[in-house]
């Protein structure tokens with residue numbers, strides 16, 4: 001059986017003093033030495049039995065835990081996507097996204113368990129192939145899960161396509177669990193049982209034959225002592241390097257865990273950038289890192305982190321399409337800017353020789369960023385630094401993708417998709433906030449005149465254009481703090497905080513005039529707007545005030561349209577400053 005280097009070093013350190021002791025005993029009394037050797041031999045069998053049990057049981061337990069955690073992640077993810085599929089009309093997108101975030105966290109935990117298992121050496125013929133198959137199955141499950149997550153969160157996703165992605169996800173998950181079963185059943189479980197039984201039998205037989213084979217044991221013990229001492233010395237020479245590798249792996253695992261915890265507390269992209277900057281400067285006095293990020297593969301790069309101390313360390317590449325790292329999708333190390341295969345952007349930057357490492361950053365499945373670190377002078381870039389950059393790049397890309405997905409979901413939930421205005425639910429929430437702050441307001445209820453006739457005459461595309469045009473005119477001619485929403489169909493509501501009806505009327509007249517001017521300038525099908533106005537000074541809830549404004553709107557329609565009627569005042573306050581030529585007749 002192959003043992004890890006650290007365990008070999010510990011074994012050698014234990015056996016070396018025992019070998020020296022046996023040599024002394026053999027020099028004084030062969031019989032006493034033989035008995036001592038027999039006792040040590042039996043103890044050695046038990047130690048090896050415990051070591052085998054530890055070396056095989058621990059990876060097997062890690063496999064069991066990783067498989068169970070993957071199953072839990074897949075169940076959580078399936079529940080989230082099923083909720084999204086069944087709740088296209090009334091389910092909360094935030095709840096679906098939260099479920100997917102929980103599934104992602106569970107998958108990350110399973111990935112860490114799997115990575116911890118892979119840190120154990122390959123012990124059996126065919127085990128490496130089984131491990132590679134499991135890696136491929138994990139990657140396939142992640143890819144199908146990401147595609148299904150994006151489709152499930154999209155309000156315009158094709159149900160057939162979502163169903164096909166769900167089947168692909170189930171197939172990928174089944175394949176992953178089959179690879180785990182293969183590793184457990186074909187390698188570790190039978191080997192563990194056979195090894196324990198074999199060594200126990202050997203330990204039992206050794207105790208019975210130790211006395212009769214005392215002289216043989218003494219001679220063999222002396223030989224083994226000399227050989228063990230020589231072997232221990234060799235192992236001790238390599239143990240320092242093995243411990244250094246283990247320490248580096250522990251440091252990388254600690255960075256991964258701390259970075260994940262820090263990023264979990266971020267809620268904006270700026271907060272993510274600050275965490276990345278701290279993570280990249282925490283290990284020690286390394287050269288500054290340049291983080292270039294674009295919104296798409298054709299968009300220009302922006303420098304997301306603070307300016308580096310030395311301008312020579314900033315990468316001049318302008319977009320992901322031009323960057324060799326984002327095109328290759330993997331880290332590239334350049335030990336000498338003067339080498340034939342050096343990055344062209346590193347060669348052209350400075351006359352001073354330099355080395356650099358660049359790591360791609362993938363956001364939502366697209367490689368649109370790169371972490372770039374340049375070292376003045378030539379030489380090998382530290383391997384541990386490359387791994388640190390890869391950890392930071394992976395975690396940053398995952399968090400940025402999640403934040404952007406949340407932002408898109410919240411925007412879609414709060415706005416009208418055609419006009420970009422607030423929807424009814426968002427309007428009611430904004431007014432509720434005004435009421436909690438005791439801010440008085442005026443409500444304007446607007447309706448496009450003869451909109452159905454415009455739709456029937458010029459088509460629905462012209463109707464949609466009319467809605468967007470009126471939306472633009474409305475937002476342009478009210479204050480930034482005014483609340484503008486599409487209330488339904490061709491109906492719009494404007495809430496003007498800290499504004500009396502007498503002050504709101506000129507604003508609404510300006511809207512009518514701007515609409516007429518815009519229609520003439522665009523040569524668009526003409527239409528007008530009627531508006532009813534009510535104030536919260538009338539008392540009652542927002543729904544009641546809106547009902548009063550709606551009544552005023554109907555009165556404006558009855559009076560000939562293209563009018564503003566204010567509750568509690570004259571029937572018709574204003575006909576609008578300008579009536580466009582050729583309006584649709586009543």
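Quick note: the coordinates plus some simple rules give every number you see, no bench work behind them. Quick caveat, the model's predicted, so the values are computed rather than measured. Virtual Cβ from ideal backbone geometry, glycine too; neighbours counted across all protein chains shown.
Things to note:
- Simple spin-label estimate for residue 270 and residue 154 gives 3.2 nm between the two label positions (7 Å along the Cα-to-Cβ direction from each Cα).
- P(r) for the stretch 269-408, from all Cα pairs and a bin width of 10 Å, is 12, 46, 34, 7, 1 %, short bins first.
- Cα shape, the stretch 424-566, gyration tensor, a/c 1.5 rule: prolate
- Rounded, prolate or oblate (a/c below 1.5 giving rounded, otherwise prolate when a/b exceeds b/c) for the stretch 399-475 by Cα gyration tensor: oblate
- Full extension of the segment from residue 413 to residue 123, taken as 0.36 nm per residue of separation minus the current Cα-Cα distance, would add 99.1 nm.
- Each of 261, 458 has some number of other Cβ atoms within 10 Å of its Cβ, and from fewest to most they run 261, 458.
- Cβ-Cβ FRET estimate between residue 437 and residue 569, R0 fixed at 22 Å, reported to 0.05: 0.20
- Share, in percent, of DSSP beta bridges within the stretch 424-566 that are antiparallel, nearest 5: 85
- Order of 142, 452, 395 under a 10 Å beta carbon neighbour criterion, fewest first: 452, 142, 395
- Structural descriptor for the stretch 404-512: relative contact order 35 percent, calculated from alpha carbon pairs under 8 angstrom and at least 6 residues apart.
- Mean Cβ neighbour count within 10 Å, used as a protection proxy, ranking 358-370, 57-69 highest first: 358-370, 57-69
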